[in-house]
Amino acid sequence: MLSAGDRRHDLVADVEVGVDRLHVVEFLERIELARRARYARDFYLDEKLPLPVGIPAELEKNLELSKMRGLDCIGGETPDIWVHALFQVARTINTALPPAEADAIWSRFEHAPCNRRLAAEEQTWVKLFRAVGTRDHAAMARHADDLLGRGRELSTSHKQFLLTASLVGNILSGELDRAQSAWDRHSAEVARGDLGLDLRLLYAYLAVAKSAAPADRPS
């Protein structure tokens, strides 16, 4: 029979093994995300399309749809369809690629002949994706606030993304009042879907930053 000390030792060992496995899983997930992001980069930028080895069908579909509409000027899909396809790809690209590589992609979209044919709202989405990818916080906040302020019906995931971009951009630009205003105007609507832990943590950070701000501001 194991002593109490032996049982505690085994429990600690099991916990350590579980933590190590979790770290390995997270590491492998980051590698896979980076692989998909590089595939998306090559899909948009290279003359010869890369082979879609192990690429999910959903990502492949979103890449093809967004490239056709945004770079090849083909197709008359409604803005909601192609912007959502680009939105899904942007989540992969901007998370995993360095700012310079992300900027190369979004710069191509912005300077493509198709961009002039897009509605102003569609162009703003592309500008926002570029700002997020390049970590341009002021532009991120400006474009997110613009899209939030248009009053269009948006999906839950789009509203979450826009409010998150607004809070991050405004907070990191020192525009705490703008961040608070975005929260006051849009958080209740976002919460009807799912406010999410990230947004709650951002708001908590905003509250702390605002409480500390008066001491640093000139009177």
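Read-outs: derived from the displayed coordinates by stated rules, not from any lab. Everything numeric in this text was worked out from a predicted model, so none of it was measured. Positions of Cβ are generated from backbone atoms using ideal geometry, with glycine treated the same way; all protein chains shown enter the neighbour counts.
Sparse packing (at most 16 other Cβ atoms within 10 Å of the Cβ) combined with a DSSP loop state is found for the following trypsin sites (Lys or Arg not before Pro) in the stretch 95-196: 135, 150, 152, 192. The calculated P(r) of the stretch 136-210, using every Cα pair and 5 Å bins from 0, goes 3, 19, 32, 27, 15, 4, 0 in percent. Of the trypsin sites (Lys or Arg not before Pro) found in the stretch 26-98, those in coil by DSSP whose Cβ has at most 14 other Cβ atoms within 10 Å are 48. The stretch 68-121 and the stretch 124-172 have their alpha-carbon centroids 15 Å apart. Working note: Karplus 6.51/-1.76/1.60 with θ = phi - 60° gives the stretch 85-97 the couplings 4, 5, 4, 5, 5, 4, 4, 7, 4, 6, 7, 10, 9 Hz, where Gly and Pro are set to x.
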